[in-house]
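Bear in mind that the values in this text are calculations on the coordinates, not laboratory data. Here the structure is a predicted model, which means the values were calculated and not measured. Quick reminder, even Gly has a Cβ in these numbers, built from the backbone with ideal geometry, and neighbours come from all protein chains shown.
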Amino acid sequence: MHFSQPSGIVLYIMIYLASILVLVSIFVVNLSKGNQSRALKWQDSSLPCFNCKYFTGELLLKCAVHPARAFTEAANNCRDFDPYQRPED
């Protein structure tokens, strides 16, 4: 079998798709780093959420009882706050 070299348009399409793949990969990596830094900010927060029994530690569902209020100013007066001591690692 003999394969000919790709035509100019096919080559441009391949380069374009490879570029898009690289850009999407960079975006996904930066997005995950941003989520990690936000998680670290939670721990330094003066809000009570991090020390609450209902804090899940997940980025998408921070609080099992009041997910929309978690880590906001409204969380300072949360009537469902229940202190929880996490074990030391």
For residue 63, residues with placed amide H under 5 Å, excluding near neighbours: 56
Phi to ³J(HN,Hα) by Karplus 6.51 cos²θ - 1.76 cosθ + 1.60 over the stretch 60-73, Hz, x for Gly, Pro: 7, 10, 6, 10, 6, 9, 10, x, 6, 8, 4, 6, 10, 4
Taking the Cα-to-Cβ direction at residue 46 and at residue 27 and moving 7 Å from each Cα, how far apart do the two end points lie in nm? 3.7
Residue separation between residue 84 and residue 56 times 0.36 nm, minus their alpha-carbon distance, gives in nm 8.9 nm
